[in-house]
């Protein structure tokens, strides 16, 4: 982009159409709402541009205990079998093969979002990747500030690893992932898994937040009018963080992690017209420097949240396909040492 081109000129026509419709709808910005209003607002809007949810062979509500005695709601989805290998998983032979599983952590700035807002995405990934997906309602800010979401995500992964056999899942074929704030939690959880000797096949990351401060060039270029507004980012951080020092903690800004060696391989999908794109690229570069395999895709002309706009944005469906292919390859490959 030349220094004089307007950043909106980078958008695809379909993406520009979505932004125009949003602007005409005159919706209040998130940062003008209470967290409770923002959650309700996001919940109502989340299905508008999303694809209809895929039919699953199994949808199970689960309760996950946490270290402080709370219980998290989670939803396990298992797709219909696709082929002979999956027929084993569906129990059509005497030796059913357990399903590989993705632990999914939803986006929403640690403040909004839920299993419900990301149900279509999780079902589509399950369908395309031929894997189970466990989506978790980690506790949200401001009722539960940093690092509660971090603890909840790690507690959920440990629980999933322990309970997998009883649920018909394969504890040796686990992946962790998420979008936006959920992508942040995915990276942090993967690093905790590495430290605990719990092997993961993949980190599946859609435009994760990675940096302590919203100060990269993309934060300036895409500050206003590209779905994720600078004021909303500041509002989310204000809900979630307790002190300025929390910003520097690697569990909030994984770019500050002292050591990425030995982390699970990464598939990362970024949106070109997103304040978070620069820090995503920086994170991918840091993983590569640490010897972690990284597959990075940057989807041109689209904004933050695009993966939940499959009805309107063709790149969303392409990103689902790319992510699912990465999951399939990770689950089919040999187990990582660890």
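Looking only at the stretch 288-303, decide whether some residue is part of a helix (DSSP H, G or I), modelled with pLDDT of 95 or more and buried (at least 20 other Cβ atoms within 10 Å of the Cβ).
Within the stretch 288-303, the first condition is being part of a helix (DSSP H, G or I), and the residues that meet it are 288-289.
Filter once more, keeping what is modelled with pLDDT of 95 or more: 288-289.
Among the residues that remain, those that are also buried (at least 20 other Cβ atoms within 10 Å of the Cβ) are: none.
Looking through the stretch 288-303, none of the residues is part of a helix (DSSP H, G or I), modelled with pLDDT of 95 or more and buried (at least 20 other Cβ atoms within 10 Å of the Cβ).
Within the stretch 211-229, is there a residue that is at pLDDT 95 or above, closer than 29 Å to residue 13 by Cα and under 18 Å from the mean Cα position of the chain (by Cα)?
Checked against the condition, which is being at pLDDT 95 or above, closer than 29 Å to residue 13 by Cα and under 18 Å from the mean Cα position of the chain (by Cα), the stretch 211-229 yields at least one hit.
Being surrounded by 12 or more Cβ atoms within 10 Å (Cβ to Cβ) and under 16 Å from residue 232 (Cα atoms) narrows it down to one residue among 10, 37; which is it?
On the way: 10 fails: under 16 Å from residue 232 (Cα atoms).
When all the criteria are applied, what remains is 37.
Just one of (1) crowded, with 22+ Cβ neighbours inside 10 Å; (2) under 20 Å from the mean Cα position of the chain (by Cα) trips up residue 199, so point out which.
Only one criterion in (1) crowded, with 22+ Cβ neighbours inside 10 Å; (2) under 20 Å from the mean Cα position of the chain (by Cα) is unmet by residue 199, namely (1).
Going through 115, 150 one at a time, which residue ends up being part of a loop (DSSP other than H, G, I, E, B) and over 14 Å from residue 206 (Cβ atoms)? Can you show your working first?
Details: 150 fails: part of a loop (DSSP other than H, G, I, E, B).
Among 115, 150, only 115 is part of a loop (DSSP other than H, G, I, E, B) and over 14 Å from residue 206 (Cβ atoms).
Can you pull out the residues in the stretch 117-136 that are surrounded by fewer than 24 Cβ atoms within 10 Å (Cβ to Cβ) and within 22 Å of residue 31 (Cα to Cα)?
Matches in the stretch 117-136: 117 only.
Cβ-Cβ under 8 Å, sequence separation 6+ or interchain: first residue in the stretch 213-226 and closer than 12 Å to residue 303 by Cα, partner in a helix (DSSP H, G or I) and modelled with pLDDT of 95 or more. Which pairs?
Close Cβ pairs satisfying both conditions: 218/277; 218/278; 218/279; 222/277; 223/230; 224/230; 225/19; 226/19.
Being in contact (Cβ under 8 Å) with a residue 24 or more places away in the chain and outside any helix (DSSP H, G or I) is the filter; apply it to the stretch 2-47 and report the residue that is nearest to residue 142 (Cα to Cα).
Residue satisfying both the conditions and the ranking: 29.
If we keep just the residues of the stretch 317-338 that are out of contact with any strand residue (DSSP E or B) (no Cβ under 8 Å at 6 or more places or on another chain) and assigned to a helix (DSSP H, G or I), which is surrounded by the fewest Cβ atoms within 10 Å (Cβ to Cβ)? Even if it seems obvious, please write down each step before you answer.
Restricting attention to the stretch 317-338, the residues satisfying the condition of being out of contact with any strand residue (DSSP E or B) (no Cβ under 8 Å at 6 or more places or on another chain) are 317, 320-321, 324-325, 328-329, 332-334, 336-338.
In the following step, the residues that additionally are assigned to a helix (DSSP H, G or I) were identified as 317, 320-321, 324-325, 328-329, 332.
Numbers: 317: 16, 320: 21, 321: 14, 324: 21, 325: 14, 328: 15, 329: 15, 332: 12.
Going through the qualifying residues, I end up with 332.
Could you please tell me which pairs satisfy a Cβ distance under 6 Å, a separation of 6+ or placement on different chains, a first residue in the stretch 138-160 that is free of Cβ contacts under 8 Å to residues at least 60 places away in the same chain, and a second residue that is surrounded by fewer than 19 Cβ atoms within 10 Å (Cβ to Cβ) and part of a helix (DSSP H, G or I)?
Here the result reads 154/192, each pair linking the stretch 138-160 to a residue that is surrounded by fewer than 19 Cβ atoms within 10 Å (Cβ to Cβ) and part of a helix (DSSP H, G or I).
Taking residue 71 as meeting all but one of (1) closer than 25 Å to residue 141 by Cα; (2) modelled with pLDDT of 95 or more; (3) surrounded by 12 or more Cβ atoms within 10 Å (Cβ to Cβ), write down the number of the exception.
Unmet for residue 71, out of (1) closer than 25 Å to residue 141 by Cα; (2) modelled with pLDDT of 95 or more; (3) surrounded by 12 or more Cβ atoms within 10 Å (Cβ to Cβ): (3).
Hey, among the residues in the stretch 229-285 that are touching a strand residue (DSSP E or B) at 6+ places or on another chain (Cβ under 8 Å) and free of Cβ contacts under 8 Å to residues at least 60 places away in the same chain, which one's surrounded by the most Cβ atoms within 10 Å (Cβ to Cβ)?
For the stretch 229-285, the residue satisfying everything is 284.
The values are calculated or read from the model by the stated rules, or taken from the named source; none is laboratory data. Here the structure is a predicted model, which means the values were calculated and not measured. In this analysis, Cβ positions are derived from the backbone assuming ideal geometry, glycine residues included, and neighbour counts consider all displayed protein chains.
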